[in-house]
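Here the structure comes first, spelled out in structure tokens, and everything after it is commentary.
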Amino acid sequence: MLADYYGVIGFALIAVLFSYLVDHSPLKARTLSARMDRYRSHWMSAMAAREVRIVDSQIISGLQNGIAFFASTALLGIGAAFTLLTALDNVMAAVRDIPALAVGSRTQWEVMSIGLLVIYAYAFFKFGWAYRLINYCAVLLGSTRDVERGDSPGAQCLRQAELAGEMNVLAGRQFNRGLRALFLSIGYLAWIAGPLAQILATAAIASLLAYRQFYSPALDLLKN
């Protein structure tokens, strides 16, 4: 019955609305992510004026390691979702002993488990693409013309740095979307307690993420 999947429908609507708010609405310029995008561009502009860029390369390497960690986490989530699909009988039997949790039908559990698999797969592809883009940024950084001591970067050097900054921003956006999927997957897991619990948990997590984007102390720090 459709009523059994109200939680999934509510989850999808909340996820889409939140993505629109942060990534596409007129308010996107006021988010923490948008401000950090500007700093990513400023970083590459500052890099163009440096004679030695070892520190910039080390920062890029640190970003690569962070993205790779979350990509591995998403891959583990995919494996866990597959495991859940193959062990549904045991899981449903365990849930049946907990009064607060909703058991539902096996078909419902299969649909929910596939949905969880899709979320983690989406996150993995976002992290994988972010890793690729940050590699491209590293290549663009390495191809930026050197600046002699005491000289100012030329027009071509600044253009190369601008391209590196734009690539860095694209990588950051893909990483943020993958991270958002991991956070929202926690709300999706609440389907085990019923559709209402799934909607409320997802709304709570989306509200927390919205607070971080629009009202967090980190944003106040950048404003100041």
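A few points about this structure:
- Count of residues meeting criterion [assigned to a helix (DSSP H, G or I), of a type outside the set (S, T, N, Q) and within 18 Å of L163 (Cα to Cα)] in segment 45-62: 6
- Near pairs, Cβ below 6 angstrom, 6+ apart or cross-chain, from segment 49-62 (of a type in the set (K, R)) to any residue that is open to solvent by less than 90 Å² (accessible area, probe 1.4 Å): R53/M47
- Residues being surrounded by 15 or more Cβ atoms within 10 Å (Cβ to Cβ) and of a type in the set (D, E) - total across segment 52-95: 1
- Applying the condition of being of a type in the set (G, A, S) and open to solvent by 80 Å² or more (accessible area, probe 1.4 Å) to segment 151-170 and asking which residue is farthest from the chain's Cα centre (by Cα) yields S152.
- For segment 113-128, the set of residues classified as crowded, with 23+ Cβ neighbours inside 10 Å and of a type in the set (A, V, I, L, M, F, W, C) consists of A123, F127, listed by residue number.
- The listed residue being modelled with pLDDT of 85 or more and either more than 17 Å from L76 (Cβ to Cβ) or over 18 Å from the mean Cα position of the chain (by Cα) (or both), out of V111, V118, V139: V139
- Neighbours by Cβ (under 6 Å, 6+ apart or cross-chain): first from segment 177-197, over 27 Å from R96 (Cβ atoms); second buried (at least 20 other Cβ atoms within 10 Å of the Cβ) and polar (S, T, N, Q): none
- In this structure, Y122 does satisfy being under 30 Å from F11 (Cα atoms) and of a type in the set (F, W, Y).
The values are calculated or read from the model by the stated rules, or taken from the named source; none is laboratory data. Just so it is clear, the model here is predicted, and its values are computed rather than measured. Note: ideal-geometry Cβ built from the backbone for every residue, glycine included; neighbour counts use all protein chains shown. Please note that ligands, DNA and RNA were not included when accessible areas were found on the heavy atoms of the full protein model with its side chains. Shrake-Rupley method; radii C 1.70, N 1.55, O 1.52, S 1.80 Å.
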